[in-house]
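Take a look at the structure below.
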Amino acid sequence: MIKRTILAVTLLAGSSVAFAANDSGSGCGAGAMIFKGQSGLAPHVLAATTNGTLGNQTFGMTSGTSGCNASQPISVAAVDFIDHNMEKVARGMATGSGESMDTLANLMGISSQDSERFKVLTHDQFATIFTRDNIHSNEVIANLNNVMKQDVILAKYAG
Amino acid sequence: MIRDKLSLPGGTRLVLLGMLLAFNGASPATASPLSPVGTIIAQVNTSRLAQNDDWLRLVHFQLKGNSYQSQTDDPNFFNAPDGKTSPANELAATLRAFFRPGDDDNHAQCRFPARLHWLNQRLNLHAFGLPAIHCRKLVQWRKAVSATRATLVFPAAYLNSPSSMFGHTLLRLTPADSRKSTPLASYALNYAANVDETDNALVYSFKGLVGGYPGFFSILPYYEKIKQYSDLESRDIWEYPLNLNQQEINQLLRHAWEVKAIKFDYYYFTENCSYHVLSLLDVARPGSHLTDDFSFKAIPSDTVRAVVKIGMAKNAIYRASSTSVIKQHLALLNAHEKDVVWQLATKPSSAFDQQINTLRNNKERSRVLELAYDYSRYLALQHTQADTHAAQNYRLLIARSQLPAGNVWPAIRRPAHQPEQGHRTTRLSAGFGRRDGENFLSLQLRPAYHDILDPLNGYSAGSQINFLDLRARYDLGNKKLHLDRLTIIDILSLSPRDAFFKPISWTINAGIERMLTNRGWATGVQLNGSSGFSYRMGQQHLIYMLLKGKIMAATAFKNHYTLGAGLSVGSLLFFEHSTADLSLTGIRFGLGETNTSLVARWRQSFPIGTRYAFRYRVAYHHERGRNFSEVESMVNWYF
């Protein structure tokens with residue numbers, strides 16, 4: 001499912017140039033590199049001084065929870081969440097706890113009884129999912145998908 | 001306020017009469033009495049539907065004198081040419097537009113779904129043959145943002161940004177899709193001004209005050225708001241779940257759609273973010289009358305208080321900022337653990353495993369590794385650490401992932417009081433005192449917001465904003481009343497420094513006041529500012545040292561001004577039943593009229609419940625070659 005999502009995201013990234021100009025960073029499914037916050041941060045710092053109102057106002061869900069448009073499968077939202085929260089997702093997986101992991105599990109449709117297993121698995125496999133210090137979110141998603149596919153319980157949530 | 005005026009029968013009757021006349025003149029030309037629209041409009045005329053409070057709020061009408069005016073400054077929001085000033089004509093024109101044939105997203109039914117819903121409920125428009133319009137974009141949007149719950153979000157005051165000084169409010173909407181129902185995955189409905197990036201701070205402040213920027217609603221993922229407030233600005237956030245039901249949330253969303261691209265002039269103090277959040281809630285739940293009390297100023301914490309007061313919200317969820325979390329976690333570590341955190345976060349070259357191995361067990365190691373990561377991220381976000389720590393951050397996470405999974409921290413402690421449980425922001429004070437041998441009575445009105453001696457519950461310690469603080473004094477000796485002081489703005493931000501956090505403490509103060517010159521007391525203009533450090537000494541004690549600059553201008557001064565620099569040191573004491581401030585300030589005025597001034601001052605304030613406080617002040621001045629003392633006691637009323 002995730003693989004399909006990546007394909008969908010890649011396609012959409014090409015077709016949604018008009019959506020890309022929003023103030024939430026890389027736009028729709030464009031991906032992000034971990035610990036590369038500095039350059040992308042500048043607009044946020046500017047925005048921070050004005051209640052986040054500089055630049056274009058967005059009213060459609062051009063990024064974030066709806067993915068690129070309303071009718072996308074839910075996992076686009078999970079991909080989008082990882083794209084925009086790489087440092088928090090990495091921390092969540094490394095610790096096997098936290099709000100970012102609860103959110104990610106929920107976005108991936110993982111049932112509440114499986115979510116603890118999801119957290120433990122991604123914790124144990126942290127080094128397999130985040131393989132280096134400049135990893136790109138697309139790779140993180142692919143690695144996460146592979147790790148989950150090899151788990152008897154969590155495989156059903158993977159593509 | 002609107003409600004009160006509406007209940008005055010005389011004025012209302014006049015307005016109504018005028019509207020009926022205007023209306024009757026216009027209607028025969030545009031709608032045949034036999035058409036369905038004509039029938040409805042005739043019915044509306046008699047039922048005076050246009051005067052209904054719900055309608056007035058849907059079109060954002062306010063009573064200005066004897067006539068209505070909509071707050072909306074955008075012709076696209078009106079169907080009638082005079083829609084901005086005529087509720088009746090706008091209602092008739094809206095009905096006509098709803099019955100017009102057509103089938104696209106620009107049809108009035110698609111642009112004004114909240115009005116349509118409300119009118120349909122009142123008039124059963126379908127029975128009159130209302131055309132069915134397919135609003136593709138609206139349907140698509142409603143599918144995307146289908147909300148089941150609404151939360152009022154209040155990021156606390158942020159002194160370092162003029163636009164957020166008093167705090168901010170926005171709405172969080174929880175999507176119906178259960179997979180998106182966690183807070184981070186839900187979305188924020190935010191109202192804010194679209195400012196011009198090229199404007200400087202002064203132009204910005206001025207335009208903000210007089211409505212020089214357009215305000216718009218926008219929707220963002222909530223996690224983006226968390227990044228902004230919690231991670232970047234270190235602001236604690238309070239989340240108040242609202243008890244709106246599904247019908248009310250639906251109407252809120254319909255109205256949000258109506259105003260989505262509509263321009264309102266943004267007024268920093270009145271028609272601001274918090275005001276417009278209230279106006280959405282007023283539409284969502286008719287009869288709430290939330291905006292009525294905020295015609296003159298809409299301070300975010302006051303608007304939260306209003307929402308709680310009418311029972312729409314009660315208990316808030318406390319979301320500590322990233323900085324608050326780091327501080328609470330650091331407080332749980334011993335000195336050695338803190339030192340390891342510091343080494344790991346700031347010195348990537350230090351012997352990693354050696355550092356970790358000095359810790360006693362896995363829980364300690366986990367805590368230190370997590371904190372080192374969090375603190376390193378904090379430094380990167382604050383631009384105080386170059387972005388060269390990617391390798392170290394990654395190493396910290398790898399090391400943490402090799403320790404057992406799971407949370408290693410106790411729950412975050414929340415402040416004892418929610419923001420709306422604090423004192424109200426308007427303050428009236430009456431006092432009695434003696435200055436320079438003269439007895440006086442004083443009366444003081446401060447429209448906003450909080451000073452360091454005001455009751456602390458619900459506010460953050462060591463921060464102060466007095467805005468348009470006016471003090472009049474009546475001298476009992478010569479029986480003269482005069483303006484003692486008009487403070488335009490008075491901000492003080494005392495942020496304590498420690499081994500990990502190094503904020504600057506600062507003040508700015510500008511206004512008109514009575515000042516001592518070589519020729520005696522005079523009224524003049526003064527501006528002063530300072531910058532320095534403060535430190536916490538135990539839980540109840542804060543000390544500060546500030547370098548200060550001050551300029552005063554008055555015709556009585558030689559060369560009409562005096563400019564100087566100096567030092568202010570002091571101590572804030574938070575006792576169980578009172579707050580006190582001891583300060584010593586020395587300034588050498590070297591330009592204009594020269595002088596050296598020294599002031600020692602002790603102030604103490606005792607809260608009496610949340611509505612009142614008693615305070616007194618004792619000061620000793622050495623100024624312009626004279627020594628004099630000043631004492632004053634006063635009662636404060638917060639309302």
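The values are calculated or read from the model by the stated rules, or taken from the named source; none is laboratory data. Worth saying up front: this structure is predicted, and the values here are computed from it rather than measured. With ideal geometry, Cβ positions are generated from the backbone for all residues, glycine too; neighbour counts draw on all protein chains shown. All accessible areas refer to the heavy atoms of the entire protein, side chains included, with ligands and DNA or RNA removed. Shrake-Rupley method; radii C 1.70, N 1.55, O 1.52, S 1.80 Å.
Over region B:145-319, what is the mean sequence separation of C-alpha contacts under 8 Å (at least six apart), divided by residue count, expressed as relative contact order in percent? Walk me through the numbers before you get to the answer.
Values: 326 pairs, mean separation 46.5, N = 175.
The value is 27 percent.
Please report the net charge: other residues with Cβ closer than 13 Å to the Cβ of residue B:87, K and R +1, D and E -1.
On the way: positive: B:48, B:57, B:64, B:84, B:115; negative: B:53, B:54, B:82, B:90.
Taking every other residue near residue B:87 into account, the sum is +1.
Return, in residue-number order, each cysteine of chain B whose C-beta is not under 4.7 Å from any other cysteine's C-beta.
Result for chain B is B:273, no neighbouring Cys Cβ within the cutoff.
Using only atoms on other chains, find how many Cβ atoms lie within 10 Å of each Cβ of peptide A:123-133 and report the average.
Values: counts 7, 3, 1, 6, 5, 0, 1, 4, 1, 3, 9.
That average works out to 4.
Rounded, prolate or oblate: pick one for chain B, where a ≥ b ≥ c are the square roots of the eigenvalues of its C-alpha gyration tensor, a/c under 1.5 means rounded, and failing that, prolate if a/b is larger than b/c, else oblate. The partial results should precede the final answer.
Numbers: a/c = 2.52, a/b = 1.30, b/c = 1.93.
Oblate, since a/c reaches 1.5 and b/c is not below a/b.
Please list, in order along region A:106-112, the HN-Hα scalar couplings obtained from phi with the Karplus expression 6.51 cos²θ - 1.76 cosθ + 1.60 (θ = phi - 60°), rounded to whole Hz, x for Gly and Pro.
5, 5, 8, x, 6, 5, 5
Determine which lysines satisfy two conditions relative to residue B:338: a Cα distance under 23 Å, and not lying fewer than 8 residues away in the same chain.
Answer for residue B:338, where 23 Å is the Cα cut-off: A:88, B:327, B:347, B:363, B:502, listed by chain and number.
For the protein assembly as shown, count all C-alpha to C-alpha pairs, find those more than 44 Å apart, and express that count as a whole percent of the total.
Values: 118288 of 318003 pairs.
When every Cα pair of the protein assembly as shown is considered, 37 percent fall beyond 44 Å.
Can you tell me the length gained on complete extension of the stretch residue B:539 to residue B:525, counting 0.36 nm per residue apart and subtracting the Cα distance? Intermediate values should be presented prior to the final figure.
Numbers: separation 14, 0.36 × 14 = 5.04 nm, distance 3.79 nm.
Here the segment from residue B:539 to residue B:525 would lengthen by 1.2 nm.
Would you mind getting the Kirkwood hydrodynamic radius of region B:145-319 from its Cα pairs, rounded to one decimal in Å?
Values: mean 1/r = 0.0614 Å⁻¹.
After inverting the mean inverse Cα-Cα distance, the result is 16.3 Å.
What would the Debye formula give as log10 I(q)/I(0) at q = 0.12 Å⁻¹ for the alpha-carbon point model of region B:505-639, no solvent?
-0.56
How large a share of the accessible area of region B:145-319, in percent, is made up of carbon and sulfur atoms when the probe is 1.4 Å and the other protein chains stay in place?
Values: 2970 of 5310 Å².
That fraction is 56 percent.
Hey, can you list the residues from region B:215-229 whose accessible area shrinks by 30 Å² or more with all protein chains present, relative to the chain by itself (probe 1.4 Å, no ligands or nucleic acids)?
Buried on complex formation: B:218, B:219, B:220, B:221, B:223, B:224, B:227, B:228.
Just need the relative contact order of region B:422-638 here, percent rounded to a whole number, with Cα pairs under 8 Å and 6+ apart. Intermediate results must be reported in sequence, preceding the final value.
Numbers: 637 pairs, mean separation 36.1, N = 217.
Relative CO of region B:422-638 lands at 17 percent.
Give me the distance in nm between label points sitting 7 Å out from Cα along the Cα-to-Cβ direction at residue B:479 and residue B:295, one decimal.
It is 3.8 nm.
From the C-alpha gyration tensor of region B:333-401, pull out the three semi-axes of the equivalent ellipsoid (sqrt of 5λ each), sorted largest to smallest, in whole Å.
On the way: eigenvalues 72, 28, 22 Å².
They are 19, 12, 11 Å, listed largest first.
Across region B:269-280, in residue order, what do the Karplus-derived ³J(HN,Hα) couplings come to in whole Hz, using 6.51 cos²θ - 1.76 cosθ + 1.60 with θ = phi - 60° and x for Gly and Pro?
Going residue by residue, I get 9, 10, 7, 10, 3, 5, 4, 6, 4, 4, 5, 5 Hz, with x marking Gly and Pro.
Need one value for A:88-95: mean number of C-beta atoms belonging to other chains within 10 Å of its residues' C-beta atoms. Walk me through the intermediate numbers first.
Working: counts 6, 0, 5, 8, 0, 4, 14, 14.
The per-residue average across the peptide is 6.
Just to confirm, what accessible area per residue do you get for chain B at 1.4 Å probe, in whole Å²? Walk me through the numbers on the way to the answer.
Details: 27080 Å² over 639 residues.
Accessible surface, normalised per residue, equals 42 Å².
Test of understanding: what is the full-extension gain from residue B:573 to residue B:501, defined as 0.36 nm times their sequence separation minus their Cα-Cα distance?
23.8 nm
Helix B:362-381 versus the longest principal axis of chain B: what is the Cα-based angle in degrees, 0 to 90, to the nearest 10?
So the helix axis and the longest Cα principal axis differ by about 70 degrees.
Starting at the first residue of region A:77-84, write each ³J(HN,Hα) from the Karplus equation 6.51 cos²θ - 1.76 cosθ + 1.60 with θ = phi - 60°, in whole Hz, x for Gly and Pro.
Using θ = phi - 60°, the values come out as 5, 5, 4, 4, 5, 5, 3, 8 Hz.
Could you compute the net charge surrounding residue B:320? Neighbours are other residues with a C-beta less than 11 Å from the C-beta of residue B:320; K and R count +1, D and E count -1.
Details: positive: B:235, B:319, B:327, B:413, B:414; negative: B:236.
That sum, taken over residues with Cβ under 11 Å, equals +4.
So what's the net charge close to residue B:286: Lys and Arg +1, Asp and Glu -1, counting the other residues with Cβ under 10 Å from its Cβ? Numbers along the way, then the final one.
Working: positive: B:57, B:285; negative: B:53, B:54, B:248, B:282.
In short, -2.
Please give me, ordered by residue number, the trypsin sites (Lys or Arg not before Pro) of region B:540-636 that lie in loop per DSSP and have at most 13 other Cβ atoms within 10 Å. Could the numbers behind the result be given before it?
Working: sites: B:548, B:550, B:558, B:588, B:601, B:603, B:611, B:615, B:617, B:624, B:626; in loops: B:611, B:624.
Counting only loop positions with at most 13 other Cβ atoms within 10 Å, the trypsin sites (Lys or Arg not before Pro) in region B:540-636 are B:611.
Run the helix sum for chain B: -39,500 (n - 2.57) per DSSP H stretch of 4+ residues, divided by residue count, reported at 222 nm to the nearest 500 deg cm²/dmol. Please report the intermediate quantities before stating the final value.
On the way: 18 runs with 192 residues, N = 639.
Only helices count here, giving -9000 deg cm²/dmol.
Across peptide B:140-153, what mean number of C-beta atoms from other chains lies inside 10 Å of a residue's C-beta? Each step should come with its number before you reach the end.
Details: counts 4, 5, 1, 4, 9, 6, 1, 0, 0, 0, 0, 0, 0, 0.
Taking the mean over all residues of the peptide, I get 2.
With a cap of 13 neighbouring Cβ atoms within 10 Å, and only residues DSSP puts in a loop, list the chymotrypsin sites (Phe, Trp or Tyr not before Pro) found in region B:544-579.
Working: sites: B:544, B:557, B:561, B:574, B:575; in loops: B:557, B:575.
Filter output for region B:544-579: B:575.
Tell me: how much accessible area in total is hidden between A and B, 1.4 Å probe, Å², nearest 100?
Separately minus together, A and B give about 5100 Å² buried.
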